1. Accessible area of Trp393, 1.4 Å probe, to the nearest 10 Å²?
2. For Lys215 and Asp199, compute 0.36 nm times the residue count separating them, minus their Cα-Cα distance, and round to one decimal in nm.
3. Where the accessible area of the chain is counted over protein heavy atoms with a 1.4 Å probe, how much of it, in %, is carbon and sulfur?
4. Take each complete run of DSSP H in the chain, measure how far its Cα atoms stretch along the helix's own axis, and keep only those covering 20 Å or more with mean Kyte-Doolittle hydropathy at least -1.0; list them.
5. Normalising by the residue count of segment 279-402, find the relative contact order in percent from Cα pairs under 8 Å and 6+ residues apart.
6. Just report the Cα centroid separation between segment 288-343 and segment 416-444, whole Å.
7. Report, in cubic angstrom per residue, the convex hull volume of the C-alpha atoms of segment 173-263.
8. If I compute Cα extents along the principal axes in Å from the structure I just sent, which labelled value in (i) 83, 55, 47; (ii) 65, 49, 37; (iii) 194, 59, 36 lines up?
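The values are calculated or read from the model by the stated rules, or taken from the named source; none is laboratory data. Note that the structure is a prediction, hence the values are computed from the model and not measured. Cβ: placed from backbone, ideal geometry, glycine included. Neighbour counts: every protein chain shown. With ligands, DNA and RNA removed, areas are computed over all heavy atoms of the protein, side chains included. Shrake-Rupley method; radii C 1.70, N 1.55, O 1.52, S 1.80 Å.
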Amino acid sequence: MKRNIFITLLLAIVVVVSAKKKQEQPNIVLLFVDDLGWADLGYRNTLFETPNIDQLSKEGSDFERAYIASPSCSPSRASILTGKEPVRFQMARHIVEGENKLASIEGDFNMWKKDPVQMPSINHLPLEEVTYAERLKEFGYYNMFIGKWHSGTEDYHPIHQGFDEQYGTGNHGHPKSYYPPFFAHGNPLEDIKEDYLTDVLTDKAVDFIETYKKKQPFMLSLWYYNVHGPHIGRKDLIGKYEAKGMDNRYANYGAMVEAMDESVGRVRSALKAKGISDNTVVIFTSDQGGYFTNYPLRGKKNGGYTLNEGGARIPFIVYYPGVSKPVKINTPIQTLDVYSTLVEIASGKDQKDPQVNGVSLMPLIKGDNIEDRDLYFHRSYEDQYAAVISGDWKLIKYHSGNVQLYNVVKDPGEVSNLVFVHPQKTKELKDRLAAWEKEAVPSY
């Protein structure tokens, strides 16, 4: 009798240890959308129909105040890949391709003709920068990349930055159409003759999940071209949004959002069908604010107010089965925190890379707290160029000398500039931002 009890206890311990070991290295899926505004989801704006993302929000940790350190295509990608503020390696703008009436290319850098300070911006992610794929490879992960890269030409593509495979990746910041041929030149998907681009990438992601047989865990990075312009919705969905009273371009955008949401649902269904959904972390986010209205937030991806909430704040949801809490989290974070979070998920240990500016979000995901910190922002296109967030407060700087101070918790629409109402807070944040600029922004 005692022997049977001992064997039963021993088996129970083995099962618990095996389960713990399995949970130490879950699979990871990163769904990174292009130009999806914070407010462009069904649970925040009923104009849009996003049942799959709405469900992900209900199940996961939804970060209400998530930001991009440099809201622009290439810098946002560089920061999520490296965990670094991209201005530190001189990426102040998006990468420019070939002839461009707004910019010029000078060696490894591009210059923006309307930039008031003519700051050079590097035109690729330097190979010496360490990406999350390179770090996860050290922990035994197989890294698959699908979709938009916009971090450099062929010599700087994902397969040279730690990823084992890439699919649908070219040198373009956006397609010329979401129906074939997708790209005018250098088309990585020239064999596709009729399908919608988002569905093509999703087909590949689903196939990767269904056929994956390696013993090592995988990291799947699905980086959508959606919902970046040109705004061409999937044909079967456009009428639904026109019926809501949206004009043609906005209706196309609504159809693009829904097609992307369907993709999220298909990926999650594939994980479930494979029997690995309970051991797969899903992260969903965007690279910057939307092109259209981001009401109730002010600003958008362009127009001179991109560092306002509408341009810099983005959706961010983490679903970690058995670990994350189904809650809304109001602690301000940046997507450069993804790097450290992935390292902790993969290794079970705190990330200690000295070059990284982000922190692991695992304490927040588990229901605890992280230390208070300031979040810094920088881009170089127009007069508005830098910002700092400290708790409820946000200060924005302009080259012309203008300064704005907002309490973005009480005033998320950034309606009331409080510079003269709170002069001490203004001076405090101006000094901290100036000190950060001196330390982080390269001289040129």
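1. The accessible area comes out at roughly 50 Å².
2. 3.0 nm
3. Numbers: 9740 of 18530 Å².
That share works out to 53 percent.
4. Membrane-span-like by this criterion, though nothing is claimed about a membrane: 2-24, 197-211, 248-274.
5. Numbers: 193 pairs, mean separation 22.5, N = 124.
Rounded, it is 18 percent for segment 279-402.
6. Between the Cα centre of segment 288-343 and that of segment 416-444, the gap is 22 Å.
7. 110 Å³
8. Matching entry in (i) 83, 55, 47; (ii) 65, 49, 37; (iii) 194, 59, 36: (i).
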